[in-house]
Each structure stands twice: as structure tokens, then as C-alpha cells.
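Asker: Sharing a structure below in C-alpha cells format, with a few things to ask.
The values are calculated or read from the model by the stated rules, or taken from the named source; none is laboratory data. Remember, it's a predicted structure, so these values are computed and weren't measured experimentally. Heads up, the Cβs are rebuilt from the backbone with ideal geometry, glycines too, and the neighbour counts pull from every protein chain shown.
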Amino acid sequence: MINKLIASVLPYFPKKFIWLFSKSYISGETIDDAMRVSHEFNARGIKVTIDVLGEFIRDLNEARRNKEEYINLIDFAQRSGIDGNFSLK
């Protein structure tokens, strides 16, 4: 119940505020950020999990764009030799 409450108010907070709490868990906002940090972890022998977040998708067009972004990310990560998993949200 608390998770739903928090998720429902997050869209109203400034991104910079959210970033203060999430930055230690998130490598960045772009595929390039994800690849860079993933390679850094892999070089230290650590597998990664890469997420494309979609909690705030409101319509079918956004869902389609999110799906394409996810497919591109997986393809790019595989071509880059990333050792890890993908999580769909």
C-alpha cells in the first residue's frame, strides 16, 4: 500500500529531488550511461541488471516507444558484451 502511495506522488516531484535518492541505484538516463557503468561493473567481475523503467506510461504510443527502447537496449548490450540481465517494469 505504501509503495502505491509513493508511486502515485512521484510524478509531481522534480527530477532533481528524485535523483538525490535514486542516484546510487541508477547508472543514468541514457543507453550510453547504462553501457558505461555496466562495463565498469563487469570489469570488476560484477554482473548487472539493466532496467528501462515504464511505471508512468499512460497510453499505447508511450508503451510502443518504451518497447522499442527496450529492444534497442538489449540489442546494444548484447553487441557490447555486457554480462547481466534485463528487467522489464
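Asker: I'd like the residue in the range 41-71 that is of a type in the set (A, V, I, L, M), under 28 Å from G81 (Cβ atoms) and part of a helix (DSSP H, G or I) and, out of all such residues, is farthest from the chain's Cα centre (by Cα). Even if it seems obvious, please write down each step before you answer.
Answerer: Looking only at the range 41-71, we keep the residues that are of a type in the set (A, V, I, L, M), and these are 43, 46, 48, 50, 52-53, 57, 60, 63, 71.
Next, from what is left, pick out any that are under 28 Å from G81 (Cβ atoms): 43, 46, 48, 50, 52-53, 71.
Then keep just the ones that are part of a helix (DSSP H, G or I); that gives 43, 71.
Working: A43: 20, I71: 13 Å.
Looking at the filtered set, the residue picked out is A43.
Asker: Among the listed residues S38, S24, which satisfies the condition of being under 15 Å from G84 (Cβ atoms) and of a type in the set (G, A, S)?
Answerer: Numbers: S24 fails: under 15 Å from G84 (Cβ atoms).
Residue meeting the stated conditions: S38.
Asker: Filter the range 77-86 down to the residues that are under 24 Å from I57 (Cβ atoms) and either at pLDDT 90 or above or exposed (fewer than 11 other Cβ atoms within 10 Å of the Cβ) (or both) and list them by number. If you could, list the steps in order and put the result at the bottom.
Answerer: Residues of the range 77-86 under 24 Å from I57 (Cβ atoms): 77, 84-86.
Of everything in the range 77-86, those that are under 24 Å from I57 (Cβ atoms) and either at pLDDT 90 or above or exposed (fewer than 11 other Cβ atoms within 10 Å of the Cβ) (or both) turn out to be A77, G84, N85.
Asker: So in the range 42-58, with the set limited to residues that are in contact (Cβ under 8 Å) with a residue 24 or more places away in the chain and not charged (D, E, K, R), which one is nearest to N72 (Cα to Cα)? Steps first, please.
Answerer: If we filter the range 42-58 for residues that are in contact (Cβ under 8 Å) with a residue 24 or more places away in the chain, which is where we start, we get 42, 47-56.
Adding the requirement that they be not charged (D, E, K, R) leaves 42, 48-50, 52-54, 56.
Details: N42: 20, V48: 17, T49: 16, I50: 12, V52: 11, L53: 14, G54: 15, F56: 20 Å.
Here the answer is V52.
Here is a yes/no grid of residues against (1) among the acidic types (D, E); (2) exposed (fewer than 10 other Cβ atoms within 10 Å of the Cβ):
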site	(1), (2)
S24	no, yes
G28	no, no
D32	yes, no
N66	no, no
I74	no, no
